[in-house]
Amino acid sequence: MARIQGVDLPNSKRIEYALPYIFGIGLARSREILTKLAIDFSVRVKDLTEAQVAALQHEIAEKYLTEGDLRRKESEDIKRLRAIGSYRGTRHARGLPVRGQRTKTNARTRKGPRGTAVAGKRKVTKK
């Protein structure tokens, strides 16, 4: 099992699809890295040599922001937007869509489940 940037890559998957398990690396960046290191896309993680794993670790650590560092940077960016009082910062703070989407309908993912608009049931009192 290859461990890169603190993430255990699944042994049975092709390296092309295993690298995106690392936060900050998608399929396009995975292919870019593998092309640069001349590693075949179809090789399985369990079939990688120690030299290839070391080369991958070095390449990713040196050239790309991943995992904890990337998560930290994202949260700092959002905190900065909130601190300066920008429109995007207030949208983040309120939990609403940030990129101009409509909110009259849709936006359920950001806004959460609909509130129930049903009146409370009244108790029947006996006389």
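Derivation of every value follows stated rules applied to the coordinates shown; laboratory data play no part. Computed from a predicted model, the values in this text were never measured in an experiment. Don't worry about glycine lacking a Cβ; one is built from the backbone with ideal geometry, like all the others, and counts go over all protein chains shown.
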Residues of the stretch 61-76 with amide nitrogen under 12 Å from the 7 Å Cα-to-Cβ point of A83? 76
Expected sort for 1-11, 91-101 on mean C-beta neighbours within 10 Å, highest first, is 1-11, 91-101
If you scale each eigenvalue of the Cα gyration tensor by 5 and take the root, what three semi-axes come out for the chain, rounded to whole angstrom and sorted largest first? 46, 22, 13
Pseudo-spin-label distance A28 to D69, built 7 Å along Cα→Cβ, given in nm, is 2.1
Show the residues, 5+ positions off or on another chain, whose built amide H is closer than 5 Å to the amide H of I4. L9
Just subtract the alpha-carbon distance of M1 and K126 from 0.36 nm times their residue separation and send over the number in nm, one decimal. 38.0 nm
If I model a spin label as a point 7 Å beyond the Cα along the Cα-Cβ vector, how far apart are those points for T103 and R44 in nm? 5.0
